[in-house]
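Everything on this sheet refers to the single structure shown next.
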Amino acid sequence: MKNWFYIILVLLLFSCGRDSGIQEQKPVQMKLTSVSSEKPMQKIDGGYYRAFVGKESDSLTYVSSFYLDETAVTNAEYLTFLKANPQWSKSKIIRLYADSAYLRNWKSDFEIPKDISPDAPVTNISWFAAKAYAESVGKRLPTVDEWEYAARADENLKDATEDPAFTQHILQLYQQKNNYKKPVKQHPANAWKIYDMYGTIWEWTEDFSSVMITGESRKDNTTNETLFCAGASVTSSDLRNYAAFIRFAMRGSVKADYTGNNMGFRCAKDAGE
Amino acid sequence: MKTKIQSLEKESKKMAVTKPVWFIAALSAIFALNACKQNPSETSAKGTDTEQITVSGNAEEAVLTSPPLVPAPVGDRSAKKLIVKLETIEKTGELADGTQYNFWTFGGTVPGSFIRARVGDEIEFHLKNNENSVFPHNIDLHAVNGPGGGAEATFVAPGQEAVFNFKALNPGLYVYHCATAPVGMHIANGMYGLILIEPEGGLPKVDKEFYIMQGDFYTKGKFGEKGLQEFDIDKAIAETPDYVVFNGSTTGLLGDKELEVKTGETVRFFVGNGGPNLTSSFHLIGEIFDRVYMEGGSKVNENVQTTVIPAGGAAIVEFKATVPGEYVIVDHALFRAFNKGALGKIKVTGADNHKVYKSNK
């Protein structure tokens, strides 16, 4: 009798297991439909650069060659993506992937706001949305290092960081408002033939959250043993680089689901080296 | 034997006499020591006292005001739960006649809204960053006992809001300002204001109260150059401002913004110095400050001509308007007053007072 009891128990357990397997909630598949993009990319040759934050004071960071979109992703391009991937539209997006201000200015799922150019950079999109777009066009988001490395260029030099007027010029560009409403290519291209790295929008990067500016920036000037611990370890050469402080503070203040009038993105791609 | 007994008796009598004396001596010694002990225990008792202050009544949303006005005094109300809502707004405004500047503000003004509370109040502080802002912001209130004065807890990207709680443990007049990197730039662009924590029972009553805050501004162009001026980081680091002004512009306390009181009125200025760099030698030409709460703290100095207000500090000054006329408010480092804009005015109207002042012209 006991044996029968145990056999029946085991059978029951087995069947329960099977049942729960069937009843198990499958995670929602965000299957992306590929979208083609004609957007020109420029090759950024790899090299060493001194990162602004978080590294040992004298070490240089190596950035491998990569491709970067010549301009930010535009409203028109994002619309194409949405039509192929309606699960990312304003009414269907899962709240986990973007806050309630996602595409706030769009009148409906597929309607770009009237006072904003279709060729203007798309904004009010979260990091999750930016990543999804990038994946759909076979690209990815640039890393902070890649973005900062490509942004060191002014119109003539690929590395303009030695020029004292460079920071002042960037700060001046940061004063401009509402440029997210105007078409891209608002400023002359830099030496990499990349447009609008400054003065148009803030741009999402792949690893923005690895920047640990806490907002308590009086502590951010102390050197830290560990890379990112309650503050940025700043190399002494750049305490005057207010523009970089601003960018890193911005990255430290956002979370992946945040959206903002002035936050957009551009894509990158490996150079296959 | 007898003598021994006698001597013993004598001794015991001596003892009997001296015993109470010893006793009294011992008691007085203990009292004296206790008295010495009382001072430190008294001060520590004060510290823990404010922490123990209990709040009563319903939570109330604080009324904030734009400069130069201040909210109504707290009077003798008990400590309560206060809700403060402040928004950071980036806006272009007039730094001088014909000169514009991109100000970053608390509540849309430079200096930011005046916050008034009482010691023991438990404040629920909401900081919102306007969605049209380009930059992240936060707030450090010098009245807060806690890390960063609230800065870490209130770091907000554009469009976001943060809430934190603090209890006002110390009375006094305190500066608040943005502490987001680069801090100097946020403050140089106007992100500062004052929060007053009144003592129990409130400050003594006066007839008129005003809010004044000094700040230094660093522009690419020279003083008076027209058009939109940008922040100049080199000048800020060199501490060579082009503008030193009250209440965010050369005309902050001039023209239609000139202050006005009547003769016989007692006047109180809540004066702050947002800096970012300069210390102020605050003076009212033609008047003497009857009382000065030095550095915005609890100690009151009297009969002061010029009081020092450090960057990131404040002072409360009081005087009685006696003689009618126009009085000039200055930073007595005078080239700032006359060549950079650290100049304001207060008009006193009313009957002449020839006993106090008589011109024979």
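The values are calculated or read from the model by the stated rules, or taken from the named source; none is laboratory data. Since we're looking at a predicted model, the values are computed, not measured. Here the Cβ positions follow ideal geometry from the backbone for every residue, glycine too, while neighbour counts run over all protein chains shown.
Can you give me the number of residues within segment A:135-160 that are among the basic types (Lys, Arg) and either within 10 Å of another protein chain (Cβ to nearest Cβ) or under 29 Å from residue A:106 (Cα atoms) (or both)?
So the count comes out to 2.
Here are the criteria: (1) at pLDDT below 95; (2) of a type in the set (Val, Ile, Thr); (3) more than 20 Å from residue A:168 (Cβ to Cβ). Tell me which single one residue B:250 does not satisfy.
In the conditions (1) at pLDDT below 95; (2) of a type in the set (Val, Ile, Thr); (3) more than 20 Å from residue A:168 (Cβ to Cβ), residue B:250 misses (1) alone.
Confirm whether residue B:311 is of a type in the set (A, V, I, L, M) and more than 22 Å from residue B:208 (Cβ to Cβ).
So residue B:311 fits the description; yes.
Among the residues in segment A:206-213, are any closer than 27 Å to residue B:178 by Cβ, modelled with pLDDT of 90 or more, surrounded by 17 or more Cβ atoms within 10 Å (Cβ to Cβ) and within 13 Å of another protein chain (Cβ to nearest Cβ)?
Yes.
Taking residue A:109, is it in contact with a Lys or Arg (Cβ under 6 Å, 6 or more places away or on another chain) and of a type in the set (D, E, K, R)?
yes
If we scan segment B:158-176, do we find a residue that is polar (S, T, N, Q) and part of a strand (DSSP E or B)?
Yes, segment B:158-176 contains at least one residue that is polar (S, T, N, Q) and part of a strand (DSSP E or B).
Report the residue count in segment A:107-161 for those that are closer than 28 Å to residue A:96 by Cβ, modelled with pLDDT of 95 or more and in contact with a Pro (Cβ under 6 Å, 6 or more places away or on another chain).
Of the residues in segment A:107-161, 1 are closer than 28 Å to residue A:96 by Cβ, modelled with pLDDT of 95 or more and in contact with a Pro (Cβ under 6 Å, 6 or more places away or on another chain).
For (1) farther than 18 Å from residue B:84 by Cα; (2) more than 12 Å from every other protein chain (Cβ to nearest Cβ); (3) surrounded by 24 or more Cβ atoms within 10 Å (Cβ to Cβ), each residue gets a yes or a no:
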residue: B:154; (1), (2), (3): no, no, yes
residue: B:158; (1), (2), (3): yes, no, yes
residue: B:176; (1), (2), (3): no, yes, yes
residue: B:180; (1), (2), (3): yes, no, yes
residue: B:226; (1), (2), (3): yes, yes, no
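If you scan segment B:87-106, which residues turn out to be more than 18 Å from the chain's Cα centre (by Cα) and either more than 18 Å from residue B:250 (Cβ to Cβ) or of a type in the set (Lys, Arg) (or both)?
Correct list: B:87, B:88, B:89, B:90, B:91, B:104.
If I filter segment A:229-248 down to residues being part of a helix (DSSP H, G or I) and within 17 Å of residue A:169 (Cα to Cα), which single residue comes out as modelled with the lowest pLDDT?
A:238
For segment B:119-141, how many residues meet the condition of being more than 9 Å from every other protein chain (Cβ to nearest Cβ) and under 28 Å from residue B:92 (Cβ atoms)?
Total meeting the criteria: 7.
Just for segment A:249-273: of the residues that are basic (Lys, Arg) and assigned to a loop (DSSP other than H, G, I, E, B), which one is farthest from the other protein chains (Cβ to nearest Cβ)?
So, considering only residues that are basic (Lys, Arg) and assigned to a loop (DSSP other than H, G, I, E, B), the one farthest from the other protein chains (Cβ to nearest Cβ) is A:266.
I'm trying to understand the selection: among the residues of segment A:134-144, which are over 12 Å from the mean Cα position of the chain (by Cα) and closer than 17 Å to residue A:68 by Cβ?
A:135, A:137, A:138, A:139
Given the condition assigned to a helix (DSSP H, G or I) and away from chain B (no Cβ under 12 Å), answer yes or no: does some residue in segment A:100-120 qualify?
No, segment A:100-120 contains no residue that is assigned to a helix (DSSP H, G or I) and away from chain B (no Cβ under 12 Å).
Which of (1) surrounded by 11 or more Cβ atoms within 10 Å (Cβ to Cβ); (2) within 20 Å of the chain's Cα centre (by Cα); (3) modelled with pLDDT of 80 or more; (4) under 21 Å from residue A:151 (Cα atoms) is the odd one out, the single condition residue A:32 does not satisfy?
Single failed check for residue A:32: (4).
For segment B:286-297, enumerate the residues that are touching a residue at least 24 places away in the same chain (Cβ under 8 Å) and either touching a helix residue (DSSP H, G or I) at 6+ places or on another chain (Cβ under 9 Å) or crowded, with 17+ Cβ neighbours inside 10 Å (or both).
B:287, B:289, B:291, B:292, B:293, B:296
Just need a number here: residues in segment B:191-209 that are under 13 Å from residue B:173 (Cα atoms) and surrounded by fewer than 22 Cβ atoms within 10 Å (Cβ to Cβ).
Matching residues across segment B:191-209 total 4.
Just to be sure, is residue A:194 within 14 Å of chain B (Cβ to nearest Cβ), buried (at least 16 other Cβ atoms within 10 Å of the Cβ) and touching a residue at least 60 places away in the same chain (Cβ under 8 Å)?
Taking the combined requirement at face value, the residue does not satisfy it.
Tell me which residues, restricted to segment A:161-191, are more than 17 Å from residue A:52 (Cβ to Cβ), within 14 Å of chain B (Cβ to nearest Cβ) and either of a type in the set (Ser, Thr, Tyr) or not in a helix (DSSP H, G or I) (or both).
A:175, A:176, A:177, A:178, A:180
From B:261, B:244, which residue is away from every other protein chain (no Cβ under 14 Å) and either surrounded by fewer than 19 Cβ atoms within 10 Å (Cβ to Cβ) or touching a helix residue (DSSP H, G or I) at 6+ places or on another chain (Cβ under 9 Å) (or both)?
B:244
If a residue must be at the interface with chain A (Cβ under 8 Å from one of its Cβ atoms) and farther than 24 Å from residue B:245 by Cα, how many such residues does segment B:98-118 contain?
So the count comes out to 0.
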